[in-house]
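Report on the structure given below.
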Amino acid sequence: MTFRLYDTATREVRDFRPLEEGKAGVYVCGLTVQSEPHVGHVRSAVNFDVLRRWLTHQGYQVSFIRNVTDIDDKILAKAAEQGRPWFNLAYEMHGKLTEALASINVLPPTYEPGATGHVPEMLELIDTLVTRGHAYAAEDGSGDVYFDVRSWPSYGELTGQKVDDMEAAEDADPRGKRDPRDFALWKGWKKESEPDTAAWPSPYGPGRPGWHIECSAMAGKYLGPAFDIHGGGVDLRFPHHENEQAQSRAAGHPFASYWMHNAWITTAGEKMSKSLGNALQVPKVLERVRGIELRFYMVSAHYRSHVEFSFEALDEAAVGFRRIETFLDKAGPGEAGEVPDAFAAAMDDDLGTPAAVAVLFDTVREANRSDAPAALAHFAPQVRAMLGVLGLDPADPAWGTTGSDDAALTAAVDALVAGLLEQRAEARAAKDFARADTIRDQIKEAGIEVEDTPAGPRWTLSNGAR
């Protein structure tokens, strides 16, 4: 089956046909590094990480670019409130973002460009737009440069809107605009309210780039004027992605062949955000569940489906994933094999991860029905292969679970738990149920769960680690 994906631009599921055989160029809009990332932020990174892993699994050489916006109005405002340089805030928050993504096994991108490192490329693109008659410098002396939306007849095609039905852009003072819907490509430096470190020289006067021009310039720099897939959160469709496409094509660049957008994680039906006060920072969530369990929770939902976050649902997903880990523990070490056909069909159908996860559980259940060594040997490699595609293989060193220290710790705990279980069995045989219950409670209070099996008792930590 050919890999098919939902193209937001055409509003239909399309066969994926790369521009160059055997290669895939992907650009994903990353975060504005103004604050610590929350669960809603990192969902996009997980979704597109799965896309990247599936393309790689299919044999594509993937160039995966994910940017960070490290200069904008919000960063300047937050830094001023905190009494620190804006670049110091952006640097610290970028580090926290990197840590958060590593904690849920999101692969590092092929390259992660920052806006402040690509001002020359942005000015070159702005100059092209001005020369072609699609952009103009404001006549109010502000130093702002705007994209003329009415100069580009196709403006609005990505989101299916007409210019006259759109609201005015909110990114600059409208007094310098020809049309209130024109958007800023370059923002003149406001010396009274902005530090001089937030301005770069340009033909239009000192200033800094507008948000939208950043991604067009960086995508072109690393993927060329035409590339395969552009991704990001659904909230970026308008105005950000609409503006990216318009300015890029107005400059003569074909830009993205496919557009993919992931849905939100919501709380109380609203987009998770700092302004709502309902943000859940990743390190806080990881005090409750492991990174692999948080990733499983996100992967289990389709990337285009909104997810109503709850700790109850997160805990339920964690318990489900631990059943898969228990199966792998029983199967023992081994190599990944081939993914089942049903799993591949689900992933080829617009990254159908819910159906893919269902195949994963079905495979585990089928193996557990017989519990014979031959069944384990047959199904375990399939399970490992599926988990690898989803970024959920517990044996992946990214999860930090494979060192010799871990093995030694596991062996030590095994010996201690075995001794307690033996004492409990002796107490029960002597009908000293009070002592047996005390031992059981000690084991439970230590965070260890014991399961009686035909082969004898097995233990797991209550947080799912073995």
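Figures for the structure shown
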| quantity | calculated |
| --- | --- |
| Region 142-161, residues that are touching a Gly at 6+ places or on another chain (Cβ under 9 Å) and without any contact (Cβ under 8 Å) to a residue 40 or more places away in the chain | Tyr146, Asp148 |
| Subset of region 294-317 [within 18 Å of the chain's Cα centre (by Cα) and outside any helix (DSSP H, G or I)] | Ser300, Ala301, His302, Tyr303, Arg304, Ser305, His306, Val307, Glu308, Phe309 |
| Qualifying residue in region 226-248 (condition: open to solvent by 30 Å² or more (accessible area, probe 1.4 Å), among the small types (Gly, Ala, Ser) and modelled with pLDDT of 95 or more) | yes |
| Residues (open to solvent by 20 Å² or more (accessible area, probe 1.4 Å), of a type in the set (A, V, I, L, M) and in a helix (DSSP H, G or I)) located in region 102-123 | Ala102, Leu123 |
| Pair list, Cβ under 9 Å, 6 or more apart: region 371-388 residue farther than 10 Å from Pro340 by Cβ, other residue part of a helix (DSSP H, G or I) and open to solvent by 40 Å² or more (accessible area, probe 1.4 Å) | Asp371/Lys330; Ala375/Glu366; Ala375/Asn368; Ala375/Arg369; Leu376/Lys330; Leu376/Ser370; Ala380/Lys330; Gly388/His57 |
| Selected residue (criterion: most open to solvent (accessible area, probe 1.4 Å)) from residues of region 49-101 that are charged (D, E, K, R) and assigned to a loop (DSSP other than H, G, I, E, B) | Arg84 |
| Filter result (in a loop (DSSP other than H, G, I, E, B) and open to solvent by 20 Å² or more (accessible area, probe 1.4 Å)) within region 139-158 | Glu139, Asp140, Gly141, Ser142, Asp148, Trp152, Pro153, Ser154, Glu157 |
| Residue check, Lys274 surrounded by fewer than 19 Cβ atoms within 10 Å (Cβ to Cβ), over 16 Å from the mean Cα position of the chain (by Cα), outside any loop (DSSP other than H, G, I, E, B) and at pLDDT below 95 | no |
| Failed item, numbered, when Arg175 is tested on (1) open to solvent by 60 Å² or more (accessible area, probe 1.4 Å); (2) in contact (Cβ under 8 Å) with a residue 60 or more places away in the chain | (2) |
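The values are calculated or read from the model by the stated rules, or taken from the named source; none is laboratory data. Every value quoted in this text rests on a predicted model; they were computed, and no experiment measured them. Positions of Cβ are generated from backbone atoms using ideal geometry, with glycine treated the same way; all protein chains shown enter the neighbour counts. SASA here: full protein model, heavy atoms, side chains in, ligands and nucleic acids out. Shrake-Rupley method; radii C 1.70, N 1.55, O 1.52, S 1.80 Å.
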